[in-house]
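Structure first, commentary second.
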Amino acid sequence: MALSRRNFLRIAAGAGAAFGLGGSIANAGNAPSIVGSRRAGTPTASVRGAGNPLRFPPTFSGGTLAAAVGQKEVWPGAQTEVWTLGGSYPGPTVRMESGGTFTARFENGLQEMSNIHWHGLLVPAGMDGHPRDAVEAGRTFDYSFTVEQRAGTYWYHPHPDMSTAKQVYKGMAGFFIVSDAEEQALGLPSGEFDVPLLLQDRRLEDNRSFRYEVMHMDHVHGYLGDVALVNGTPEAFLEVARGLYRFRLLNGSNARVFQVALAGKHPFHVIGTDGGLLDKPYRVTEAYLAPAERLDILVDFSDVEIGQSLQMYSVGYSGQSGRNQGAEMPLLRFDVNRGGGGGSIPQQLATLDKLDPGTAAQEREFILQTDETKNPPEHKINGKTFEMVRIDESVKLGDIEVWTFQNTTPVPHPMHLHGAQFQILEVGGSEELLPEQLGWKDTVYVPPHSNARVVVKFGKHSGVFLVHCHNLEHEDHGMMQNFELVQNSAVEHGAPLPTRMDLR
Ligand code: C2O
Ligand code: CU
Ligand code: CU
């Protein structure tokens, strides 16, 4: 069964995508795709001279991070109500050195509860932005933790119970980029050649609002948009030199799965995933990115003439349902306008210790289901929807375990863990992994009617953490569980959590 499923998922398709490389027609070719079979696209490449310059949020390395409602010109000539962090949409880009202490006062200037979760960072449970620690309107919360991780592209976003999806959609999310000595020694592109790209789809409303009204089918598939914004920029372009660039892609969409490619099958190299650099660069012509996943890539523009453009886009694919899921979408147009970039791709990157599933202390299975007869639909793990005070699993601190996610639904589920990092063992019954599935991960794409197995290394901080689907509508409507990291995992399941008051 696993094998036929795998074949179903990896249909080789030959339909052509048609984004121009300086006006030429690109043939998308036959690369296997895990997200679905490729579908013929409508040429929608943006024309040089059109569009909006890529925006960059300010950088931030500590201080006050206030949540507020504001107005921004997202589409030229229109005001959009955005919910901002640090007054900016997207939120400010945090840059930290591994080993440093990050301190931020969160001020909740919204009319509802909110907080911040540091996605991918291993921090003490009380700093992790669990929904039980959500901050009341008008209140503050002081976050402070040591950045324990290796270099990588992490991010942050609110995590209040049942309104994470809306708050992220309205604009609250930003990068948390960590650097370390191992990475710095590689001489990877830096400064203006190291560019974070937050990919998010949004609906094209007549009044250009970030209206968030979720209908039954949006609950089923997640809230999908019509166009992609990059760093909050519609029809974005970036002027680049003829050289090597590092792009840190983050899929900050509520539900969209992007299959990223460059026009003309222009190659690029995957150098990192959720938890930092891979062992070496992997040359590809496309790579997928489910919600919350990151992809660190190198793109070499030295073979593009000055005056030409190269379009980055999401390849159209079929076999998935939901408004526009799998639609071909332009992401970002690179306008090569100068020489002098330089840079070469290192042969080797980082040292990666491979986790041995043979050392797993335990195996656990998580069955993912959706009950569409309910309104709104209920998304479940092992038959249960999320309960704030129910502990669903108890895991011993520092243990290695094998977790399997079994997707019984026709919709993909990007499953994410707090308080741990993992390595993927197999997806859809295949141990043959794509570059984007390698390395340290915190989110795994579980294809429709399929499964994913991961080997998890749990962190050293005790307390309650979450495992959930990062399709944010699914997360908000049940597909989330608490697990507790304990010294001694003999704690009975289902024991109630101490209340927030008890913890103080
Ligand atoms: Cu980015 Cu619990 O999530
Ligand atoms: Cu997280
Ligand atoms: Cu889901």
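The values are calculated or read from the model by the stated rules, or taken from the named source; none is laboratory data. The structure presented is a predicted model; accordingly, all values stated were derived computationally and were not measured. Note: ideal-geometry Cβ built from the backbone for every residue, glycine included; neighbour counts use all protein chains shown. Surface areas here come from the heavy atoms of the whole protein model, side chains and all, with no ligands, DNA or RNA. Shrake-Rupley method; radii C 1.70, N 1.55, O 1.52, S 1.80 Å.
Between Q111 and Q348, what is 0.36 nm times their sequence separation minus the Cα-Cα distance? Round to one decimal in nm. Display every interim value, and only then the final one.
Numbers: separation 237, 0.36 × 237 = 85.32 nm, distance 4.92 nm.
Working it through step by step, the gained length comes to 80.4 nm.
Relative contact order for segment 115-168: what is it in percent, counting Cα pairs under 8 Å that are at least 6 residues apart? List each step's numbers first, then the result.
Numbers: 68 pairs, mean separation 26.4, N = 54.
About 49 percent, as a whole number.
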Response to the item:
Per its Cα gyration tensor (rounded if a/c is under 1.5, else prolate when a/b beats b/c, else oblate), segment 70-140 is best filed as oblate
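Return one quarter of the surface area of the convex hull spanned by the alpha-carbon atoms of segment 43-109, equal to its mean projected area, in nm². The partial results should precede the final answer.
Working: hull surface 27.5 nm².
Taking the Cα atoms of segment 43-109, their convex hull projects to 6.9 nm² on average.
Under the rule of -39500 (n - 2.57) per DSSP H run of 4 or more residues, summed and divided by the residues of the chain, what mean residue ellipticity at 222 nm is obtained, to the nearest 500 deg cm²/dmol? Working shown, then result.
Working: 6 runs with 33 residues, N = 504.
Rounded to the nearest 500, the figure is -1500 deg cm²/dmol.
What does the C-alpha gyration tensor say about the overall shape of segment 101-234? Classify as rounded when a/c is under 1.5, otherwise prolate if a/b is larger than b/c, or oblate. Can you show the working numbers first?
Working: a/c = 2.27, a/b = 1.25, b/c = 1.82.
Judged from the Cα gyration tensor, segment 101-234 comes out oblate (a/c at least 1.5, b/c at or above a/b).
In the chain, what percent of the accessible surface is made up of carbon and sulfur (1.4 Å probe, ligands and nucleic acids excluded)?
50
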Worksheet item: How do 276-287, 388-399 rank on mean C-beta neighbours within 10 Å, highest first?
Response: 276-287, 388-399
Fill in: Share of alpha-carbon pairs per 5 Å distance bin for segment 335-414, given as whole %
3, 9, 13, 13, 13, 10, 8, 7, 7, 8, 7, 2
Worksheet item: Under a straight-distance cross-link criterion of Cα-Cα below 23 Å, which lysines are reachable from K170, leaving out those fewer than 8 residues away in the same chain?
Response: K72
Worksheet item: How big is the C-alpha Rg of the chain next to the rule-of-thumb value 2.2 N^0.38 Å, as a ratio?
Response: 0.91
Practice prompt. Kindly provide log₁₀ I(q)/I(0) values, in the same order as q = 0.23 Å⁻¹, from the Debye equation applied to equal alpha-carbon scatterers of segment 366-493.
Written response: -1.39
Worksheet item: Out of residues 5 or more away from A236 or on other chains, whose amide H comes under 5 Å of its own, with H placed 1.01 Å from N in the peptide plane?
Response: N52, V230, R333
Item to complete: Quote the charge dipole size of segment 345-479 about the Cα centre in Debye, to the nearest 20; the model charges only the Cβ of Lys and Arg (+1) and of Asp and Glu (-1).
Response: 280
Worksheet item: Which whole-number percent gives the relative contact order of the chain, counting Cα pairs below 8 Å spaced six or more residues apart?
Response: 15
Worksheet item: To the nearest 20 debye, what charge dipole does segment 92-197 have about its Cα centre, counting +1 at the Cβ of each Lys and Arg and -1 at the Cβ of each Asp and Glu?
Response: 320
Worksheet item: Roughly speaking, what is the stretch gain from T373 to T59, that is 0.36 nm per residue apart minus the C-alpha to C-alpha distance, in nm to one decimal?
Response: 108.5 nm
Worksheet item: What does the highest-first list of 309-319, 119-129, 348-358, 420-430 look like by mean Cβ count within 10 Å?
Response: 309-319, 119-129, 420-430, 348-358
Worksheet item: To the nearest whole percent, what portion of all C-alpha pairs in segment 285-399 is separated by more than 22 angstrom?
Response: 66
Worksheet item: With every protein chain left in place, what is the accessible area per residue of the chain in square angstrom, probe 1.4 Å?
Response: 35
Worksheet entry | Rounded D (µm²/s) - segment 200-338, Kirkwood Rh over Cα pairs, Stokes-Einstein at 10 °C, 1.306 mPa s | 100
Worksheet item: Going by average Cβ neighbours within 10 Å, how do the peptides 85-93, 366-374, 453-461, 474-482 rank, with the highest at the top?
Response: 474-482, 85-93, 453-461, 366-374
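Report the gain in length on full extension from T146 to A360: 0.36 nm times residue separation, minus Cα-Cα distance, nm rounded to one decimal. All intermediate terms of the calculation are to be shown ahead of the outcome.
On the way: separation 214, 0.36 × 214 = 77.04 nm, distance 2.76 nm.
My answer for the length gained is 74.3 nm.
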Fill in: Whole-number D in µm²/s for segment 156-251 (Stokes-Einstein; Kirkwood sum over Cα pairs; 25 °C, 0.890 mPa s)
155
